[in-house]
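The structure appears right after this line, and notes come after that.
A short reminder: the numbers here are calculations on the coordinates, not readings from a lab. Just so we're clear, the structure is a prediction, and the values are computed from it rather than from any experiment. Reconstructed Cβ throughout: ideal geometry from the backbone, glycine too, with neighbour counts over all protein chains shown.
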């Protein structure tokens, strides 16, 4: 089982690279984010996930631990294979995936190629607790998420909508509002949530 490769980048394609390690070329599939960090002729170190099937052994490389951990987590969801996981990591950075799950933001999760609305909903639901356990999603944000699902019209959702109207991304707005709600408590007014969230976003 291969867990890491360090060698010279022999070639780079759209979603695969060949890493020369002591004269042996390893074909490694990777996200667009990782591929951008590879340059032919340069030394590269990649964390590797090895997938063994009856007909093939495939290597998937990652520039950092966060991306590898998300690859592992994403592929635990039914309907998410290695290719869809890489597509997700090519479209969304690990912290963006985490914030989207915390916010239960299915629109963001459905942006990657191969992820439709149903699969996005499954990702949001099934990964909420697992992501928190990995420490990649703030527990406070995960705890707050069920209290403000999209479309409820509650105070928290109104605060998020107000911030979105001000130009903030929904995942950023939700995280800031969730942290503010956690700090101020359930009785916090809409104005207090908005003011507190703006202060969070300004940090």
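Place the peptides 195-202, 91-98 in order of packing, highest mean first, counting for every residue the other Cβ atoms within 10 Å and averaging per peptide. The partial results should precede the final answer.
Details: 195-202: 16.2, 91-98: 20.4.
The peptides rank, most packed first, as 91-98, 195-202.
Measure nothing fancy, just the Cα-based angle from helix 155-165's long axis to the longest principal axis of the chain, in degrees from 0 to 90, nearest 10.
Here the helix axis deviates by roughly 60 degrees.
What is the fewest-to-most order of 160, 171 by other Cβ atoms lying within 10 Å of their Cβ?
Placing the least packed residue first, the sequence is 171, 160.
When a/c reaches 1.5 or more, the comparison of a/b and b/c decides; with that in mind, is the chain rounded, prolate or oblate per its Cα gyration tensor?
prolate
Quick check: from the Cα gyration tensor, does region 65-137 come out rounded (a/c under 1.5), prolate or oblate? Intermediate values should be presented prior to the final figure.
On the way: a/c = 1.34, a/b = 1.12, b/c = 1.19.
It comes out rounded by the Cα gyration axes.
Relative to the longest principal axis of the chain, what angle (0 to 90°, nearest 10) does the C-alpha long axis of helix 170-184 take?
That works out to roughly 50 degrees.
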